[in-house]
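Asks: Structure incoming, see below.
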């Protein structure tokens, strides 16, 4: 029984000062006699118990030897190693013992590095989640370049980590900063370093070409050296806490637009971390005078590769298919792509140009390519309407599924939707189809009403469906001179 200090003091006074018996003291104070004996020191100390043998004692020497060589080895792996050596205990017992005897890691002291003005720029990426794309999902990354002296930075959201994406981001970063530092510091990413053995490094040749264009020296930080690339890593943490927290990125365009506003309104306006008397914008303005000037001719960062045109007049690139004129079937064309558009060249002649599709397994088809193919193959007229709709509205397949479930005539639905496509254009029809699918509808009348609402919201001209004979479009209308009307004597009153 545990008693307070005042009670223990009273027990000592009565026992040693008044020499009262143990029973009397216990009765007067209201405690157990063993409490009085404990305070008075009358209890015999418990003899030390010999340690009980443990099952883990059989393998302690082996565990110590293994942990000395591999201090980060997991306890479950050690369990698999000691079982054939006679250990019959539980893995929980072994895990507890390993946590007690595992060598503690030594904390390394780092030297604080202070970069010179305009000397270095640090580059890194941050994985910020995934976004929905047509046909699936893609990982979303944030590229960041920072200037350690001024703490200024630039970044953009990207959907791939290829070397061509790196080249584009570096070029845009230099344009935003209006110059470039004399050294680019990278982590040991695969798109930067092809091979590394100690200090011997083989950089990617395309990155070397870009560095030569800007007259910049490439440098790699040491493995697990926290003091060499801490500036950009702290900025990434700042971005996560100040920009990404509580924000939903639905598209690359939306993310980059909001991030540029964040850089201008918040990041550059914040006080400098070590020199708070001025803002980061002030120090960036000063550092720009020390950066290397940009070359007069911007570098080429397009991804160029040969592609084969298949029998359906499509070329495959990055899981998607892009159409070309049908006369190029079977040829090998040159594809030049950036993050915005895809161009297909036959020698120096551009034969097709499409917006870059970041979806999965999507078909990007130009209307004129489809019409040229149908003109060559008259037997394909039956599928002409559906193919036109699929090329203009990628989500039309989901609407077709609802028409089938509702038992509607697909030919009639296709004709009515094609009429809306001709009247309102693909941009309005795409948004109308998406809203119809979101609301769970499938009626073409509702689709037409939504198209008209969007036309009115944009103040577009009223569409007129004027059916003309096929020969009318091929005739030239020659305007008449109205002066001849007045000169005609039969017209005079």
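The values are calculated or read from the model by the stated rules, or taken from the named source; none is laboratory data. Note that the structure is a prediction, hence the values are computed from the model and not measured. Reconstructed Cβ throughout: ideal geometry from the backbone, glycine too, with neighbour counts over all protein chains shown.
Asks: In this structure, does residue 89 turn out to be surrounded by 11 or more Cβ atoms within 10 Å (Cβ to Cβ), touching a helix residue (DSSP H, G or I) at 6+ places or on another chain (Cβ under 7 Å) and under 30 Å from residue 171 (Cα atoms)?
Replies: Criteria not met by residue 89.
Asks: From the list 275, 208, 263, 235, exactly one residue is without any contact (Cβ under 8 Å) to a residue 24 or more places away in the chain and either exposed (fewer than 12 other Cβ atoms within 10 Å of the Cβ) or assigned to a helix (DSSP H, G or I) (or both). Which is it?
Replies: Unique residue meeting the criteria: 208.
Asks: Taking the condition surrounded by 12 or more Cβ atoms within 10 Å (Cβ to Cβ), in the same structural domain as residue 176 (by TED's automatic domain parsing) and without any contact (Cβ under 8 Å) to a residue 40 or more places away in the chain, does residue 268 pass?
Replies: It is false that residue 268 is surrounded by 12 or more Cβ atoms within 10 Å (Cβ to Cβ), in the same structural domain as residue 176 (by TED's automatic domain parsing) and without any contact (Cβ under 8 Å) to a residue 40 or more places away in the chain.
Asks: Residue check: is residue 374 more than 35 Å from the chain's Cα centre (by Cα), crowded, with 17+ Cβ neighbours inside 10 Å and over 27 Å from residue 456 (Cα atoms)?
Replies: yes
Asks: Still on this model: Could you tell me which numbered condition residue 171 fails, if it satisfies all but one of (1) within 14 Å of the chain's Cα centre (by Cα); (2) crowded, with 16+ Cβ neighbours inside 10 Å; (3) closer than 17 Å to residue 256 by Cβ?
Replies: Here residue 171 meets the rest and fails (1).
Asks: Then there is this: Would you mind telling me which numbered condition in (1) in contact with a helix residue (DSSP H, G or I) (Cβ under 6 Å, 6 or more places away or on another chain); (2) touching a residue at least 40 places away in the same chain (Cβ under 8 Å); (3) closer than 30 Å to residue 265 by Cα residue 97 fails?
Replies: (3)
Asks: If the requirement is being at positive phi, crowded, with 21+ Cβ neighbours inside 10 Å and over 16 Å from the mean Cα position of the chain (by Cα), which of these qualifies: 135, 118?
Replies: Testing whether each residue is at positive phi, crowded, with 21+ Cβ neighbours inside 10 Å and over 16 Å from the mean Cα position of the chain (by Cα) leaves just 118.
Asks: For the structure I just gave you, tell me whether residue 156 is farther than 18 Å from residue 183 by Cα and crowded, with 20+ Cβ neighbours inside 10 Å.
Replies: yes
Asks: Keeping to region 388-404, report how many residues are surrounded by fewer than 17 Cβ atoms within 10 Å (Cβ to Cβ) and either without any contact (Cβ under 8 Å) to a residue 12 or more places away in the chain or under 30 Å from the mean Cα position of the chain (by Cα) (or both).
Replies: Going through region 388-404 one residue at a time, the tally reaches 5.
Asks: Within region 347-377, how many residues are touching a residue at least 24 places away in the same chain (Cβ under 8 Å), over 26 Å from residue 252 (Cα atoms) and assigned to a strand (DSSP E or B)?
Replies: Selection size over region 347-377: 1.
Matching residues to (1) modelled with pLDDT of 90 or more; (2) touching a helix residue (DSSP H, G or I) at 6+ places or on another chain (Cβ under 6 Å):
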{"residue": "314", "(1), (2)": "yes, no"}
{"residue": "322", "(1), (2)": "yes, no"}
{"residue": "333", "(1), (2)": "yes, no"}
{"residue": "377", "(1), (2)": "no, no"}
{"residue": "385", "(1), (2)": "no, yes"}
{"residue": "402", "(1), (2)": "no, no"}
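Asks: So the check is Cβ under 6 Å with 6+ separation or different chains; which pairs have a first residue in region 183-202 that's in the same structural domain as residue 149 (by TED's automatic domain parsing) and a second one that's surrounded by fewer than 11 Cβ atoms within 10 Å (Cβ to Cβ)?
Replies: 202/195
Asks: Go through region 311-328 residue by residue and tally those that are surrounded by fewer than 16 Cβ atoms within 10 Å (Cβ to Cβ), over 29 Å from the mean Cα position of the chain (by Cα) and in a loop (DSSP other than H, G, I, E, B).
Replies: Number of matching residues: 2.
Asks: If you don't mind, there's one more thing I want to ask. Please name all residue pairs, on different chains or six or more residues apart, with Cβ atoms under 9 Å, provided the first residue is in region 62-74 and is farther than 19 Å from residue 84 by Cβ and the second residue is modelled with pLDDT of 90 or more.
Replies: 71/102; 72/102
Asks: For the structure I just gave you, tell me whether residue 308 is more than 30 Å from the chain's Cα centre (by Cα) and not assigned by TED's automatic domain parsing to the domain that holds residue 156.
Replies: Here the answer is yes, as residue 308 does meet what is asked.
Asks: Of the residues 233, 253, only one is under 18 Å from residue 176 (Cα atoms) and within 18 Å of the chain's Cα centre (by Cα); which?
Replies: Only one candidate qualifies: 253.
Asks: Can you name the number of the only condition in (1) over 26 Å from the mean Cα position of the chain (by Cα); (2) surrounded by fewer than 16 Cβ atoms within 10 Å (Cβ to Cβ) that residue 214 fails?
Replies: (2)
Asks: Right, something else. Does at least one position in region 284-296 carry a residue that is more than 15 Å from residue 180 (Cβ to Cβ), outside any loop (DSSP other than H, G, I, E, B), outside the structural domain of residue 391 (by TED's automatic domain parsing) and touching a strand residue (DSSP E or B) at 6+ places or on another chain (Cβ under 8 Å)?
Replies: Looking for residues that are more than 15 Å from residue 180 (Cβ to Cβ), outside any loop (DSSP other than H, G, I, E, B), outside the structural domain of residue 391 (by TED's automatic domain parsing) and touching a strand residue (DSSP E or B) at 6+ places or on another chain (Cβ under 8 Å), one finds none in region 284-296, hence no.
Asks: Take residue 335 and tell me if it is touching a residue at least 12 places away in the same chain (Cβ under 8 Å), surrounded by 16 or more Cβ atoms within 10 Å (Cβ to Cβ) and part of a strand (DSSP E or B).
Replies: So residue 335 passes the test.
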